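Right, one structure below, let's go through it.
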Amino acid sequence: MFFCDSELVLEILGIFKIKRDNYIVENAVTRSYDTLSIRLCGRCEFVCKNTDMVVSEDDILYIPSTINYNQKTDGEEIIAIHFINYNKKSKSGMEVFSPDNPLEFRSEIIRMYEIWNEKKTGYRQKCTSMLYNILYKTAQKLEERSFETQEVNRIMNKAINYIHQNYK
């Protein structure tokens, strides 16, 4: 994902709660900001570069500023974080992360939304640190999944080699 860059510098522009019914966007134009969102309820279908993607409740979606897409939902409620990524080096595409423990991410993002809208002293700094924490937790979870996949592959390869050597 985009946040694997070790020199990530972000500036939050806004945090919004959005509720949509029967919403369709065709050929969404590139924006000046990236978006990270979590679906509180509902689901949404995206088409980006001829790739279909379904985003469901508790999924976290990243949409870079450089991407054009189509979007369709029959109903959804999301919290969207709009931000500028000043050190964007890669041209990553739209990405979805489905957390194993969605409540952890959901509660953190809802709290960010509340803090942003209260606008108390230091709210920008607090929300920015919370965003970095969410990205850190996401990176950890993705690394754990990668390790688990590598371990499963190692075990499967060992079993396949055994079969090849011992099956006649």
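What follows is calculated from the coordinates using simple rules that are stated; it is not laboratory data. No experiment lies behind these values; they were computed from the predicted model shown. As a convention, Cβ positions derive from the backbone with ideal geometry for all residues, glycine included, and neighbour counts pool all protein chains shown.
Within straight cross-link reach of residue 120, meaning Cα distance under 15 Å, which aspartates and glutamates are found once same-chain residues fewer than 8 apart are removed? Output for residue 120: empty list, no partners. Please report the net charge: other residues with Cβ closer than 9 Å to the Cβ of residue 130, K and R +1, D and E -1. Here the count lands on +1.
Of 18, 50, 86, which is farthest along the charge dipole of the range 17-94 in the positive direction, counting Lys and Arg as +1 and Asp and Glu as -1 at C-beta? Value computed over the given set: 86.
Under a model in which nothing but the beta-carbon of Lys, Arg (+1) and Asp, Glu (-1) is charged, the range 38-144 shows a dipole of about 680 debye around its Cα centre.
Protection proxy ranking for 22-32, 42-52, 114-124, 67-77, using the average of other Cβ atoms within 10 Å per residue and placing the highest first: 67-77, 42-52, 114-124, 22-32.
On the basis of the beta-carbon distance and an R0 of 22 Å, residue 25 and residue 54 show a calculated FRET efficiency of 0.90. Once backbone amide H atoms are built at 1.01 Å from N, residue 59 has 39 as its partners under 5 Å, excluding neighbours fewer than 5 places away on the same chain. Label positions at residue 87 and residue 124, each projected 7 Å from the Cα along the C-beta direction, are separated by 2.0 nm. For the pair residue 16 and residue 104, the difference between a 0.36 nm per residue extended length and the Cα-Cα distance amounts to 29.8 nm. Taking amide H positions as modeled 1.01 Å from N, with prolines and chain starts lacking one, the residues under 5 Å from residue 43 and 5 or more places away or on another chain are 74, 75. In this structure the amide hydrogen of residue 67, modeled in the peptide plane, comes within under 5 Å of the amide hydrogens of 31, none closer than 5 places in sequence on its chain.
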